[in-house]
Amino acid sequence: MTPRREPVSRRDRPAKPPLSRAVLVGAALRIMREEGLERVTMRRLATELDTGPASLYVYVRNTAELHGALLDELLADLDGAGVAGRDWRERLIELLWAYTVLLIGYPSLARSVLTLRPSGPNYLRLIDTMLGLLDAGKVPLRQAAWGVDLLLQHATATAAEQGTRQQSVEADGEEADLAVVVREARPDTYPHLDRARDELFSGTGEQRLRWAFSALISGLSTTTETRKA
């Protein structure tokens with residue numbers, strides 16, 4: 001005779017922590033760090049939090065908003081004052097470099113951020129810090145405002161590209177193939193390529209990105225809006 005199963009009182013089960021936006025984002029961040037952004041789905045989060053998927057939409061409207069919240073959570077550790085005392089331009093480049101390195105670790109999120117309009121408090125703090133540094137460099141307000149968007153777009157796109165390539169087993173081979181093709185290009189057919197062939201692949205990734213930020217900052221400092229005639 002099969003023994004009768006003793007019923008378990010619901011009172012003996014540990015109480016679930018109350019659901020909130022912070023709890024939801026914290027769970028999503030943990031899954032992203034351990035398994036990647038692709039595994040951060042509403043269904044998976046609902047299972048993780050022992051609730052139904054529909055209940056999560058009280059805290060985020062859609063996946064895009066969740067990705068924006070994940071970015072904002074990561075930006076909480078971005079130190080905008082860590083290079084105090086340096087020239088405003090150096091501080092801005094250092095901040096952008098730190099932002100890029102942060103996102104390189106999460107290339108899927110970087111790709112998503114390219115099409116988002118983040119609006120979290122830490123993202124706003126990043127923009128405010130950048131505007132303050134550009135103001136210290138006496139960059140006109142409109143050029144600074146437009147420039148922030150340009151600089152963050154370049155940083156995010158770089159993170160998406162480099163982070164994705166780091167995860168690709170074929171990336172090194174593709175770059176080696178390009179180097180061979182450039183080296184073997186005929187000077188009479190590609191004269192300018194021939195002159196620049198030694199410089200096209202020169203410098204480290206960090207050197208080239210810092211130079212790119214410097215070039216963009218110099219450009220936005222001096223380039224005014226082009227008006228139609």
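Among the residues of the stretch 86-116, those that are of a type outside the set (A, V, I, L, M) and farther than 20 Å from Ser218 by Cα comprise Gly105, Tyr106, Pro107, Ser108, Arg111, Ser112, Thr115.
Among residues belonging to the stretch 21-54 that are of a type in the set (Val, Ile, Thr) and without any contact (Cβ under 8 Å) to a residue 24 or more places away in the chain, point out the one that is least open to solvent (accessible area, probe 1.4 Å).
So the first thing to find is which residues in the stretch 21-54 are of a type in the set (Val, Ile, Thr), and the list is 23, 25, 31, 40-41, 47, 51.
Still in the list and also without any contact (Cβ under 8 Å) to a residue 24 or more places away in the chain: 31, 41, 47.
Working: Ile31: 4, Thr41: 61, Thr47: 105 Å².
Among those that are of a type in the set (Val, Ile, Thr) and without any contact (Cβ under 8 Å) to a residue 24 or more places away in the chain, it is Ile31.
Results for (1) touching a helix residue (DSSP H, G or I) at 6+ places or on another chain (Cβ under 7 Å); (2) free of Cβ contacts under 8 Å to residues at least 24 places away in the same chain; (3) of a type in the set (A, V, I, L, M, F, W, C), shown as yes or no for each residue.
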residue: Gly173; (1), (2), (3): no, yes, no
residue: Ala179; (1), (2), (3): no, yes, yes
residue: Arg208; (1), (2), (3): no, yes, no
residue: Phe213; (1), (2), (3): yes, no, yes
residue: Leu216; (1), (2), (3): yes, no, yes
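When restricted to residues that are closer than 30 Å to Ala98 by Cβ, among the acidic types (Asp, Glu) and at pLDDT below 90, the stretch 160-210 contains 4.
Quick test for you: out of Asp50, Asp72, Asp79, Asp12, pick the one residue that is at pLDDT below 95 and closer than 28 Å to Gly205 by Cβ. It would help to see each step written out before you state the result.
Working: Asp50 fails: closer than 28 Å to Gly205 by Cβ; Asp72 fails: at pLDDT below 95; Asp12 fails: closer than 28 Å to Gly205 by Cβ.
After applying the criteria, what remains is Asp79.
Going by what's in this entry, would Leu133 be described as in contact with a Lys or Arg (Cβ under 8 Å, 6 or more places away or on another chain), modelled with pLDDT of 90 or more and not basic (Lys, Arg)? Judged against the criteria, Leu133 is a match.
The values are calculated or read from the model by the stated rules, or taken from the named source; none is laboratory data. Small disclaimer: the values here were computed from a predicted structure and weren't measured. Note: ideal-geometry Cβ built from the backbone for every residue, glycine included; neighbour counts use all protein chains shown. Side chains are part of the model used for accessible areas, which takes the heavy atoms of the whole protein and leaves out ligands, DNA and RNA. Shrake-Rupley method; radii C 1.70, N 1.55, O 1.52, S 1.80 Å.
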